[in-house]
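Notes for the one structure printed next.
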């Protein structure tokens, strides 16, 4: 059985920890998220760490913790209150979602449906989380994954509104289909 683990390391040293883990034979990722930067006049997409200082890796056997933890960039192996190191429950679901998106959380598109927002494209469309905050000026949403007792609880992801309401989005989608079918 393959288990997934989480290391907390010095922020900015994620790549060196990933390299060390890969040298030990463990596939590892430090998830990134695409963000809008530069203001409303000239927004630009840039990549940032989704969770600075966190590196996740898979192992099908018990890792040699003494070798991994002696790396100067590794600060801590995260664990649950019962002493278990392998991710489980909503934490594992979150990492599976990250892996499904190849470690990069691209921007998601949303439409406003009444007082709610609905994701119509992108990784947030199929996530199992709850939107708890929306920052329209930064084009971000804060997503809660599972319980507060987990290792991973909340992250900020980027989004963009494609239309102000769902009816407009349906019209745009239909027009796009017509346009696509008329252009071979």
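The values are calculated or read from the model by the stated rules, or taken from the named source; none is laboratory data. In this text, all values refer to a predicted model and were calculated from it rather than measured experimentally. Because the Cβ atoms are built from the backbone with ideal geometry, glycine has one as well, and the counts that use them run over all protein chains shown.
Out of all the residues in the stretch 35-50, which are surrounded by fewer than 19 Cβ atoms within 10 Å (Cβ to Cβ) and either outside any loop (DSSP other than H, G, I, E, B) or at pLDDT 90 or above (or both)?
The answer is 36, 37, 44, 45, 46, 47, 48, 49.
Looking at the structure I just gave you, is residue 98 surrounded by 13 or more Cβ atoms within 10 Å (Cβ to Cβ), at pLDDT 95 or above and part of a helix (DSSP H, G or I)?
Values: surrounded by 13 or more Cβ atoms within 10 Å (Cβ to Cβ): yes; at pLDDT 95 or above: no; part of a helix (DSSP H, G or I): yes.
Against the criterion (surrounded by 13 or more Cβ atoms within 10 Å (Cβ to Cβ), at pLDDT 95 or above and part of a helix (DSSP H, G or I)), residue 98 does not qualify.
Going by the conditions given, is residue 55 touching a helix residue (DSSP H, G or I) at 6+ places or on another chain (Cβ under 8 Å), in a strand (DSSP E or B), within 16 Å of residue 159 (Cα to Cα) and modelled with pLDDT of 75 or more?
Values: touching a helix residue (DSSP H, G or I) at 6+ places or on another chain (Cβ under 8 Å): yes; in a strand (DSSP E or B): yes; within 16 Å of residue 159 (Cα to Cα): no; modelled with pLDDT of 75 or more: yes.
So residue 55 does not fit the description; no.
Within the set of pairs 6+ apart or on separate chains, which have a first residue in the stretch 10-23 that is on the phi > 0 side of the Ramachandran plot, a second that is surrounded by fewer than 16 Cβ atoms within 10 Å (Cβ to Cβ) and not in a helix (DSSP H, G or I), and C-beta atoms under 8 Å apart?
Pairs found: 12/52.
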